[in-house]
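Trainee: My structure is below; once you've seen it, I'll send some questions.
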Amino acid sequence: MENVLRPLIVIGSSVLLTLLIGWATDLLLRKADQRHSETPLWGLLRRGRIPYQLVLCAALLRGSYDETHLLEELSTGIGQGLTLVLIGSAAWLVIRIAAAVVETSYARYANARSQRDPARVRRVRTQVTLIMRVVAAVVGVMAIASMLLTFPAMRAAGASLLASAGILGIVAGVAAQSTLGNMFAGLQIAFGDMVRIGDTVVVDGEWGTVEEITLTFLTVRTWDERRITMPVSYFTSQPFENWSRGGVQMTGTVYLHVDHSAPLEKMREKLRDILRECPAWDGRDYGLAVTDSTPSTMEVRALVTAKDADDAWTVRVTVREQLIQWLADEHPYALPRVNAADAALPPGRLPADRLTARRTHQHQPSPRTERT
């Protein structure tokens, strides 16, 4: 009877104590979150309740399993398994706690400076994201190394591994040259402020917004909701356009081809009226000028300003649509057309057909000469 009750009591008490401590800790975190609603730290720490309970349960079972006298011939293997679970869950918990602290710091910084310096906020967000990925990678590697060191065979092989580390490092460096280059490029992007999450960029002729940055690749979400994934080394070795660099305000252009008789002053007045009714125009500046001319049309450029790239696009399409519609309704003669009429001649110059008719008439003999 004792052989049955002892394992049930030891294992059951460990599990029950784990659930009780986990419930009490979660209750305290919820109350702290309700009491301090200005900071998200306590709510974010609740994300670690599962690894926290795993750590408690694995630690309690690892310390009390020998008292169960259950499967004593497998006690070494079971203890090794519990140690591995303890190390893995502890690494998971450390990553969750670090993420909660970092996200809380970023949230406070973003709330304080989101209105004054949005570009700086995007830069810090990019750095925080990459730092968390580095922290997760480092903690994961350390956890795996700690797990391997729990095996006696791995400790015995440590000396030989260290002896060949130099050669292996050279081989690994040559084999992973591209991967290491992307990792260093990712760190350069994070701390060099070249491109940030949320920036509007143009790469390979595609316009989009930076959605994700990792240590090896970068994802751009295009205007039609496609995703372009590129290695981060591209942004350190190739030219690209960053419309959010140094500020998000933009000046947009609208080109129209109109007839030479188009009323330019009235077009300027209409452009002003269109912009006044357009919420996306930021009111900084506007203008309309003739930038080119051909034998049949002239090119008119309208300049408009907006607070960011999205509003600049909205202003441009609005101006283009309404200006063309206004010309079609009020001044249809100003639209481009194929001129099939005779060209206007200088004063005193006869058209070609009339000149030919006059010459023909002069060379015809008169009726009086024929009678003679």
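The values are calculated or read from the model by the stated rules, or taken from the named source; none is laboratory data. Predicted, not measured: the structure shown is a model, and the values here were computed from it. As a convention, Cβ positions derive from the backbone with ideal geometry for all residues, glycine included, and neighbour counts pool all protein chains shown.
Trainee: Within the range 229-242, is even one residue over 30 Å from residue 301 (Cα atoms), touching a strand residue (DSSP E or B) at 6+ places or on another chain (Cβ under 6 Å) and loosely packed, with under 15 Cβ neighbours inside 10 Å?
Mentor: Checking the range 229-242: at least one residue is over 30 Å from residue 301 (Cα atoms), touching a strand residue (DSSP E or B) at 6+ places or on another chain (Cβ under 6 Å) and loosely packed, with under 15 Cβ neighbours inside 10 Å.
Trainee: Out of all the residues in the range 58-87, which are modelled with pLDDT of 85 or more and within 14 Å of residue 15 (Cβ to Cβ)?
Mentor: Passing the criteria: only 85.
Trainee: Please go through the range 265-282 and give me each residue that is surrounded by fewer than 14 Cβ atoms within 10 Å (Cβ to Cβ) and touching a residue at least 12 places away in the same chain (Cβ under 8 Å), ordered by number.
Mentor: 272
Trainee: Assess whether residue 254 counts as being assigned to a strand (DSSP E or B) and either under 12 Å from the mean Cα position of the chain (by Cα) or surrounded by fewer than 16 Cβ atoms within 10 Å (Cβ to Cβ) (or both).
Mentor: Details: assigned to a strand (DSSP E or B): yes; either under 12 Å from the mean Cα position of the chain (by Cα) or surrounded by fewer than 16 Cβ atoms within 10 Å (Cβ to Cβ) (or both): no.
Considered against the rule, which asks whether it is assigned to a strand (DSSP E or B) and either under 12 Å from the mean Cα position of the chain (by Cα) or surrounded by fewer than 16 Cβ atoms within 10 Å (Cβ to Cβ) (or both), residue 254 comes out as no.
Conditions tested, residue by residue: (1) over 30 Å from residue 213 (Cα atoms); (2) among the acidic types (Asp, Glu).
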residue: 269; (1), (2): yes, yes
residue: 274; (1), (2): yes, no
residue: 280; (1), (2): no, no
residue: 288; (1), (2): yes, no
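Trainee: Checking residue 101 against (1) modelled with pLDDT of 80 or more; (2) in contact with a strand residue (DSSP E or B) (Cβ under 6 Å, 6 or more places away or on another chain), only one condition comes out false. Which one?
Mentor: For residue 101, the failing item is (2).
Trainee: Shifting gears a bit: For the range 243-264, give me each residue that is of a type in the set (Val, Ile, Thr) and at pLDDT 85 or above.
Mentor: The answer is 251, 253, 254, 258.
Trainee: How many residues does the range 274-313 hold that are farther than 18 Å from residue 327 by Cα and in a helix (DSSP H, G or I)?
Mentor: Result for the range 274-313: 6.
Trainee: Then there's this: Is the range 324-331 home to any residue that is modelled with pLDDT of 85 or more and assigned to a loop (DSSP other than H, G, I, E, B)? Break it down stepwise before answering.
Mentor: Quick first cut of the range 324-331, residues modelled with pLDDT of 85 or more only: 324-331.
Narrowing the set further to residues that are assigned to a loop (DSSP other than H, G, I, E, B) leaves 331.
Yes: the range 324-331 contains one or more residues that are modelled with pLDDT of 85 or more and assigned to a loop (DSSP other than H, G, I, E, B).
Trainee: From the list 336, 365, exactly one residue is surrounded by fewer than 17 Cβ atoms within 10 Å (Cβ to Cβ), out of contact with any Ser or Thr (no Cβ under 9 Å at 6 or more places or on another chain) and at pLDDT below 90. Which is it?
Mentor: 365
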